[in-house]
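Student: Can you read through this structure? Questions will come right after.
Read-outs throughout are calculated quantities, based only on the coordinates presented, and are distinct from any laboratory measurement. Given the structure is predicted, the values throughout are model-derived calculations rather than measurements. Note: ideal-geometry Cβ built from the backbone for every residue, glycine included; neighbour counts use all protein chains shown.
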Amino acid sequence: MATREKTNGDGAAPTDVPADIKFGEIKHDLPDKGTCETVLSKMMLIRRFEERAGEMYAKAKIGGFLHLCIGEEATVVGGTQALRETDYLMSTYREHGQALARGTDPKVVMAELFGRVTGCSKGRGGSMHLFDWDKRFLGGYGIVGGSLPLSAGVALANDYLETEDVIVSMMGDGATNQGTFGETMNLAALWKLPVVFVIINNQFGMGTALHRHSAVTDLSIKSEGFGVPGTRCDGMDVLDVHSVVTDALRCAREERRPQLVEAVTYRYRGHSMADPEEYRTKEEVEEWRARDPIKAFSDRLVAEGVMSEEDVERFDAEAIATVDEAVKFADESPFPDLDSLYDDIYVFDSDVPAWWTVDERSPHVHRGEHERESGEVPHRLAEQGAAYAGVERRARPRDEDKDEGEGEPEDDG
Amino acid sequence: MPTMRYREALNQALREEMHEDERVFLMGEDVGVFQGAFKVTAGLLEEFGEKRVRDTPISENTIVGMGVGSAMIGLRPVVELMTINFSLLAMDQIVNHAAAIRYMFGGQVKVPLVVRMPQGAGHQLGPTHSHSFEAFYLHVPGLLVAAPSTPADAKGLLKASIRDDNPVIFIEHETLYGQRGEVPENGGPMRFGEAAIRREGDDVTIIGISRMAITAEKAAAKLADEHDIEAEVIDPRTLRPLDLDTILESVQKTNRAVIVEEGWPHGGVGANLAALIQEQAFDDLDAPVQRVTGADVPMPYSKPLEQAAFPHEEHVVQAALATFRDL
């Protein structure tokens with residue numbers, strides 16, 4: 001068997017390392033000690049959380065797909081630290097980090113991955129669909145590029161309601177090839193919407209390297225023709241991401257000029273846990289690991305005397321302990337009740353008094369959360385694995401009228 | 001009672017709801033300066049301004065997606081798509097997001113969005129502007145689907161759609177925009193899930209979807225005149241939720257059912273409804289449920305071909321007669 005050379009396809013250069021980004025170079029002064037500690041502990045929490053999630057996936061505690069953001073922590077934390085509490089955030093399906101960075105309890109994030117009712121989306125969404133209304137984290141989305149119009153809609157509403165709130169809309173490099181990318185950039189610029197798009201360029205759209213999926217590999221210029229100016233930053237440097245996103249937020253908030261930021265980073269792990277990584281070399285991964293955003297930041301904190309090596313180790317131990325607790329919480333949490341299968345599909349009101357009014361096959365069967373009298377029937381249905389309607393014959397108003405009426409037996413011919 | 005055209009009734013509903021609630025706004029291709037491709041939004045830009053009547057670029061998926069996003073944080077958008085065929089470009093946002101978001105995020109948000117669009121053949125607009133796709137949207141849990149056939153229903157149901165907290169697919173019909181009908185003065189929102197009995201009869205139940213409710217009424221008149229058959233004509237008005245009770249009551253009385261729709265036969269509204277009827281009223285049926293549908297072809301342009309590709313009253317008459325054939 002011929003050994004296949006691991007290149008990015010055509011034998012050309014491996015992943016592009018943009019010459020305009022000086023990785024490893026100090027670009028910004030450190031912020032105050034408290035901020036440094038927050039930033040470091042958030043990045044460490046994300047790293048440890050993701051590692052542990054990978055282990056839990058291997059142990060089959062987590063199902064489906066699992067997309068880890070290890071290596072990309074600086075983009076997530078740098079970007080979200082620039083937000084006000086009242087600002088909004090939307091993300092892709094690689095969004096555990098975003099939820100954690102936004103302040104969602106690691107317990108409910110892990111519980112969501114475990115499919116438990118205590119999860120932040122009640123076990124309905126899973127890894128790709130985390131959501132936390134209270135933290136204004138408006139979701140992970142499983143369709144590449146699908147959340148871009150949604151985020152522009154949120155920006156439209158913020159503008160319409162005359163708030164100062166901005167939304168940061170995070171996407172991967174692959175999303176820039178979707179139709180929604182161009183459509184959304186155009187509308188955001190046309191309507192002067194308060195939105196900042198952040199491309200987390202981790203060099204791969206699944207297993208397809210950037211230069212094999214995008215004719216233009218400087219993604220920061222892809223939006224410019226639509227009227228959204230772009231800026232590139234070092235996605236391995238949390239301070240650089242923070243600085244560039246902060247400027248972009250100011251433009252969007254104060255001047256109603258939407259902005260795009262490309263944060264150049266790298267995904268250490270595969271696209272998902274089911275990725276043999278045939279498309280890149282170990283050497284390439286090692287090259288990027290040498291720029292590790294957490295190590296680079298903590299080394300600098302020690303070098304500049306903000307904290308000691310012991311402090312760094314203590315932060316890491318705290319992150320591990322937090323993740324331990326999250327796993328314990330998730331593992332001990334119950335799965336959702338089968339009776340809840342039909343909950344929250346509709347908002348019930350006078351038009352839709354209950355679920356059975358919408359699925360007409362199943363009167364009095366799956367009633368939905370506000371109408372449920374007994375869990376018995378929906379439970380049975382859920383156990384059968386589908387909404388089998390034949391369990392109960394519909395009670396017809398006419399039959400009931402007759403029963404209550406003259407009691408005349410029906411002539412069946 | 002005043003009479004007005006279907007498009008005027010829709011216009012009134014939009015105007016009234018925009019006066020009622022500041023959060024209601026319109027978005028769509030040429031809804032403003034151009035006054036709407038079918039003039040449904042005529043005068044609204046002038047009355048409410050550019051903030052609330054927004055001309056959009058031709059970007060259906062993103063327009064609908066922005067509607068979803070703005071609805072998630074409290075607005076009540078009404079998005080117009082120029083034809084139901086164009087809604088296929090927005091299928092991602094409608095199915096993956098509008099319908100699913102409340103469920104997949106565990107009930108944390110709602111999506112009070114209305115997407116209006118006309119469907120139907122008859123204007124020789126050919127294979128990319130003339131289809132009838134109620135069945136696509138009927139398929140999706142999380143959506144409500146309305147398909148009014150009269151000006152009064154158009155107004156009442158559009159008002160209800162705008163006030164409802166669920167995403168609504170509101171299906172209008174191109175050939176109905178100019179039709180006149182009585183519309184109650186100061187009429188409020190109608191209820192979803194309440195069918196209209198357009199004509200009473202004891203012999204056969206004819207269920208007409210969207211414009212086909214009108215075709216069914218014409219067929220019923222012919223059945224009475226020429227065949228001495230009294231058909232009961234039911235217009236479900238909304239397909240999700242569906243007023244199955246009214247349909248079953250009628251079938252229990254007539255023992256025969258004909259379903260008329262303009263869309264394609266396979267996996268259509270009629271296929272679904274026939275299944276519901278046989279599940280719930282098998283013992284009441286004296287004949288197989290008949291379906292009258294559009295032809296199983298992309299809609300052709302040429303007039304005679306187009307006319308042959310969607311149901312007319314003679315097809316409905318034949319189908320009704322077929323339910324008596326084997327007796």
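Student: In the list B:275, B:271, B:287, B:281, which residue meets the criterion of being within 18 Å of residue B:321 (Cβ to Cβ) and either hydrophobic (A, V, I, L, M, F, W, C) or not in a loop (DSSP other than H, G, I, E, B) (or both)?
Tutor: When all the criteria are applied, what remains is B:287.
Student: Filtering segment B:246-283 down to residues that are buried (at least 20 other Cβ atoms within 10 Å of the Cβ) and of a type in the set (Asp, Glu), which residue is farthest from residue B:219 (Cα to Cα)?
Tutor: B:249
Student: Has segment B:291-310 got any residue that is β-branched (Val, Ile, Thr) and part of a loop (DSSP other than H, G, I, E, B)?
Tutor: Scanning segment B:291-310, I find at least one residue that is β-branched (Val, Ile, Thr) and part of a loop (DSSP other than H, G, I, E, B), so the answer is yes.
Student: Report every pair of residues separated by at least 6 positions or lying on different chains whose Cβ atoms are under 6 Å apart, first residue within segment B:59-71 and more than 7 Å from chain A (Cβ to nearest Cβ) and of a type in the set (Asp, Glu), second surrounded by 24 or more Cβ atoms within 10 Å (Cβ to Cβ) and part of a helix (DSSP H, G or I).
Tutor: Pairs that qualify, where the first residue is more than 7 Å from chain A (Cβ to nearest Cβ) and of a type in the set (Asp, Glu) and the partner is surrounded by 24 or more Cβ atoms within 10 Å (Cβ to Cβ) and part of a helix (DSSP H, G or I), are B:60/B:90.
Student: Could you check segment A:124-159 and list, in sequence order, the residues that are of a type in the set (A, V, I, L, M), closer than 24 Å to residue A:191 by Cα and buried (at least 24 other Cβ atoms within 10 Å of the Cβ)?
Tutor: A:138, A:148, A:150, A:152, A:154, A:155, A:156, A:157
Student: Among A:340, A:308, which is touching a helix residue (DSSP H, G or I) at 6+ places or on another chain (Cβ under 9 Å) and either charged (D, E, K, R) or surrounded by 19 or more Cβ atoms within 10 Å (Cβ to Cβ) (or both)?
Tutor: The unique qualifying residue is A:340.
Student: Sticking with this structure for a sec: Checking residue B:170 against (1) within 14 Å of another protein chain (Cβ to nearest Cβ); (2) in contact (Cβ under 8 Å) with a residue 40 or more places away in the chain; (3) closer than 17 Å to residue B:2 by Cα: exactly one of these is not met. Which one?
Tutor: Condition not satisfied by residue B:170: (3).
Student: Please list, ordered by residue number, the strands (runs of 3 or more DSSP E) wholly in segment B:181-238 having 3 or more residues that are under 18 Å from residue B:290 (Cβ atoms).
Tutor: In segment B:181-238, the matching strands (runs of 3 or more DSSP E) lie at B:204-208, B:231-235.
Student: Restricting attention to segment A:236-284, which residues are in contact with a Phe, Trp or Tyr (Cβ under 7 Å, 6 or more places away or on another chain), hydroxyl-bearing (Ser, Thr, Tyr) and farther than 19 Å from residue A:294 by Cα?
Tutor: A:272
Student: Here is a follow-up. Across segment A:86-97, which residue is surrounded by the fewest Cβ atoms within 10 Å (Cβ to Cβ) among those that are assigned to a strand (DSSP E or B) and of a type in the set (Ser, Thr, Tyr)?
Tutor: Here the residue is A:88.
Student: From A:68, A:83, A:100, grab the single residue that is more than 9 Å from every other protein chain (Cβ to nearest Cβ), crowded, with 21+ Cβ neighbours inside 10 Å, in a loop (DSSP other than H, G, I, E, B) and touching a helix residue (DSSP H, G or I) at 6+ places or on another chain (Cβ under 6 Å).
Tutor: Answer to the check: A:68.
Residue by residue, here is whether (1) of a type outside the set (S, T, N, Q); (2) within 12 Å of chain A (Cβ to nearest Cβ) holds:
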{"position": "B:233", "(1), (2)": "yes, no"}
{"position": "B:238", "(1), (2)": "no, yes"}
{"position": "B:248", "(1), (2)": "yes, yes"}
{"position": "B:255", "(1), (2)": "no, yes"}
{"position": "B:263", "(1), (2)": "yes, no"}
{"position": "B:276", "(1), (2)": "yes, yes"}
{"position": "B:279", "(1), (2)": "yes, yes"}
